[in-house]
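Following: one structure in structure tokens, then a few remarks.
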Amino acid sequence: MTTTCEDNNLNNADSETFSISNYRRDSSHCFYQNRVIQPLLTDLYQITMAYAYWKSGKTHDVAVFDLFFRNNPFHGEFTIFAGLEECLKFLKNFHYSAGDINYLKTVLPDGIEEEFFEYLGKLTAKDVTVSALDEGSVAFPRVPLIKLEGPLIIVQLLETTLLTLVNYASLMATNAARYRIVAGPVVKLLEFGLRRAQGPDGGLSSSKYAYIGGFDGTSNVLAGKLFNIPVKGTHAHAYITSFSGFDELTNKELPHNHSGITADLLELSIEHRKNLANVLHISTAESNDGELAAMVSFAIAFPNGFMALVDTYDVKRFCVKRRFSVQKTYNHRHERENGKLLDLNHNCVDNDISYPYIKRVGNSLRSGLLNFCSVALALNDQGYRPVGIRIDSGDLAYLSCLARQCFVKIAEHYDLPWFAELTIVASNDINEETILSLNEQGHKIDCFGIGTHLVTCQKQPALGCVYKLVEINNQPRIKLSQDVDKVTMPGKKTAFRLYGTEGWAVIDILQKDDEEPPQVGKKVLCRHPFHESKRAFVTPARVETLYKVWWKDGAIRQPMPTLEDVRNRVQESLQTLRHDHLRHLNPTPYKVAVSDNLYNFLHDLWLQNQPIGELS
């Protein structure tokens, strides 16, 4: 799909004219921007603080803020930084409109001077400097994702909006990256979460950042248009159940893909069903005619893209019947049927299933799979190739193995090698643990459709990024807490990633802005920021500077990466980490350290600001 800039002429009105068509393209990068991302998308206290700053004569104070997080999400040991592009667009368009000012007059306390509203009306982000990691980079706790320097009032007013743009984006990209890791590089991942997302903005953001994190496409059509993401989809069970018999088919004919000769696709499908019943040892009496009619109808509509749900009827009955039969008959761990070893759940222990075993399958696959294969062969007669099936319930590992064996059997019987490679898509409330379990069971699934657990980040619904003042007017500031993890790193800082001789990232080190950067081949003392005894020397084989200046003097200062660039960056960045940092269970913590100078600076300032207690 090609993205154009044909929508650049969308109404660029004030923010109070926000309507349902709330996305417009940035004129320089042809990316959509949500018009709800504007200065009023903030907490009220930011504006009341701005007035208090203004009233105190602090309009010329210069502040430095760090945006960072304290803990990696999902019990993991890495985070993907995302949302930078949206932050830069927000800075570029930061301006209080006349309508914004009029509204603020109605919600702020009485007595606020008119001059303050005039001051707000002239505010822009042109005097702010923003340094940040590359979007799509792996990031770790305490290392700022974004650093901002500029007039105190304006950088304070940016806080809430920047946090909302980074928090969910980074959480979602991290969640998607974790799914990609457990699924492996070959299996396709599709985001199906729009109907379960937290509103339309959550739905669009989840599609975008799932794609960045490693998903291959989305069912969300608007996200496909706005962000140039591949859009994928099949049909719902409703389409199957909307047909009850052959008499409801008003159109049964399909022209041949090459010759143009028309044939009755229903007749071809029925004939193939009779033959396949013998090949697969299934009685046609147990296949649903309404289901076959629905599949024929869908195939006529989409002969080059025929993918069908095959579990509309009696999947529950199938699973209960199968487990009851096995448990009733066998008390030992495994059984054998036709020489193939199966465990009590009929998992594919031999990674194989004998074809006569399909006799035990209930109406689910005896109907759905038989009907699909019949229509697929009829399409083949007319010069088309079907795509595959989707399974949305039941024992996904077993059903996928069974379906693949049936496809292989048909491929061999009809000498159609491609039939063995038909795509098997699985959905049904899938999460990371589901995929890991399916991997252990030797599933034959080619693609996962994932919705609820992905887009709602059910394991952890928020990342917890914070935005802290670390310097004002060249004076460092520190926030103290009984919870050591909440003590902030004062002053202007920079960060480097040190790599070992094997190419893996070893440690991130924070140091004062005026320190010399680490040098390749030279020993660096790395210290834990809060534990005096935890320290180590690192001799880096490669040193990576983590920050770039992205915004300065009212303009973006780096070439903006495309969505594909950011997506590639995620995978490249993950490949720099050892596998034990990425594993699902008990990952090894990645180390973040401070330089010796920053350590001493931090603790001296800590002592200066910590009051001395008095015992009595």
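Structure notes:
- For Lys208, the aspartates and glutamates whose Cα comes closer than 16 Å to its Cα, not counting residues fewer than 8 places off in the same chain, are Glu85, Glu86, Glu135, Glu191, Asp216, Glu564, Asp565.
- Ratio of Rg to Rh for the range 408-489: 1.40 [Cα atoms; Kirkwood radius as inverse mean 1/r over pairs].
- For the chain, averaging the sequence separation of C-alpha pairs within contact (under 8 Å, six or more residues apart) and dividing by the residue count gives a relative contact order of 18 percent.
- Within-11-Å neighbourhood charge of Cys465 [Cβ basis; K, R +1; D, E -1]: 0
- Cα centroid separation, the range 195-236 to the range 569-595 (Å): 27 Å
- In degrees, nearest ten, helix 44-55 long axis to first principal axis of the chain (Cα): 20 degrees
- Principal-axis tilt of helix 199-213 within the chain, Cα atoms, nearest 10 degrees: 90 degrees
- Furthest towards positive pole of dipole, Leu585, Val387, Gly245, structure part the chain, Cβ charges: Leu585
- When the listed pairs Lys493/Lys522; Lys512/Lys552; Lys122/Lys479; Lys188/Lys548; Lys232/Lys444; Lys89/Lys486 are checked against a 25 Å cut-off, the alpha-carbon distance exceeds it for Lys122/Lys479; Lys188/Lys548; Lys89/Lys486.
- Remark: relative contact order (the range 84-240) = 16 percent; criterion is Cα-Cα distance under 8 angstrom and separation of 6 or more residues.
- Relative to the dominant Cα principal axis of the chain, helix 563-574 is inclined by about 80°.
- Once the Kirkwood radius over Cα pairs is known for the range 153-228, the Stokes-Einstein relation at 4 °C and 1.567 mPa s delivers a diffusion coefficient of 98 µm²/s.
- Within the chain: Cβ-based charge dipole about Cα centre, in debye rounded to nearest 20 (Lys, Arg +1; Asp, Glu -1): 1300 debye
- Here the contact order of the range 473-596, divided by its residue count and restricted to Cα pairs under 8 Å and six or more residues apart, works out to 27 percent.
Computed from the coordinates by the stated procedures, all read-outs in this text should not be read as laboratory data. What you are looking at is a predicted structure, and each value in this text was computed from that prediction instead of being measured. Glycine gets a Cβ as well: all are built from the backbone with ideal geometry, and neighbour counts include every protein chain shown.
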